[in-house]
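Encoded as structure tokens, the structure appears first; notes follow it.
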Amino acid sequence: MADAPLTAAEIESLVDDDLDDRVWLRLSSFVDYHDPAQIAAEDPDVAAYLATRVFEWEVGNGGLHQYFFNFPDPDHLAVVLEGYTHLGLAETRRVVEDVVAPLAQAEAAWRESLRDGSIATFFESYPASSLPAYDHRIGEHDADRVRLVRSVPEKFAR
């Protein structure tokens, strides 16, 4: 599905969950979502979709500790914060910027030391991180992103 063009008609016809999955697959085939510069180079609507989705899905999969392990570049978090602003999700941005980001920064050097090639080392580190206590504060904003896609389908049809 990632290789097949996404049309405005398809955006209109898909149910929300299928639309979100389809948009994600299509966009992530064009944009390296690990690279904050590539995300930021996109249209602000597309960038907001990509940045906040990868953030929330990482948190949903393995928590904030996993997100910051997989995406340690502060520029990546900057595009996430800008995405929340663009989506009008000021409270989520505030939590991430004022509470989560300082904790992540304080743990950055320690988290980097976990890169010994063993997944067990990473999994064993969860109890030592202060971030998991805030995983529930992030929430899921798939519906906000889907509304955005439906409001400007021409920006997502590719």
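Looking at Ala9, Ala2 in this structure, which one is part of a helix (DSSP H, G or I) and either of a type outside the set (D, E, K, R) or in contact (Cβ under 8 Å) with a residue 24 or more places away in the chain (or both)?
Of Ala9, Ala2, the one residue that is part of a helix (DSSP H, G or I) and either of a type outside the set (D, E, K, R) or in contact (Cβ under 8 Å) with a residue 24 or more places away in the chain (or both) is Ala9.
Going by the conditions given, is Ala51 under 18 Å from Trp24 (Cβ atoms), among the small types (Gly, Ala, Ser) and assigned to a helix (DSSP H, G or I)? So Ala51 fits the description; yes. Of all residues in the stretch 68-126, those that are closer than 13 Å to Phe55 by Cα and of a type in the set (S, T, N, Q) total 2. Please tell me if Leu131 is surrounded by fewer than 19 Cβ atoms within 10 Å (Cβ to Cβ), at pLDDT 95 or above and either in contact with a Phe, Trp or Tyr (Cβ under 9 Å, 6 or more places away or on another chain) or acidic (Asp, Glu) (or both). Judged against the criteria, Leu131 is not a match. On the stretch given as the stretch 129-146, residues that are over 22 Å from Asp21 (Cβ atoms) and either part of a helix (DSSP H, G or I) or among the aliphatic types (A, V, I, L, M) (or both) total 7. Within the stretch 134-158, residues that are under 23 Å from Val96 (Cα atoms) reach partners that are of a type in the set (Ser, Thr, Tyr) with beta carbons closer than 6 Å, at six or more positions or on different chains, in the pairs Arg145/Tyr49.
Applying the criterion of being assigned to a loop (DSSP other than H, G, I, E, B) and either under 18 Å from the mean Cα position of the chain (by Cα) or not aliphatic (A, V, I, L, M) (or both) to the residues of the stretch 97-117, the residue that is surrounded by the fewest Cβ atoms within 10 Å (Cβ to Cβ) is Gly117. Residue pairs whose Cβ atoms lie under 8 Å apart, sitting 6 or more positions apart in sequence or on different chains, and linking a residue in the stretch 67-80 that is assigned to a loop (DSSP other than H, G, I, E, B) to a partner that is of a type in the set (Asp, Glu), are Phe71/Glu58; Pro72/Glu112. Taking the numbered list (1) free of Cβ contacts under 8 Å to residues at least 12 places away in the same chain; (2) part of a helix (DSSP H, G or I); (3) more than 14 Å from Arg145 (Cβ to Cβ) in turn, Asp18 passes all entries but (3). Of all residues in the stretch 31-42, those satisfying the criterion of being surrounded by 13 or more Cβ atoms within 10 Å (Cβ to Cβ), in a helix (DSSP H, G or I) and not polar (S, T, N, Q) are Pro36, Ile39, Ala40.
The values are calculated or read from the model by the stated rules, or taken from the named source; none is laboratory data. Keep in mind the model is a prediction, meaning the values are calculated, not measured. Reconstructed Cβ throughout: ideal geometry from the backbone, glycine too, with neighbour counts over all protein chains shown.
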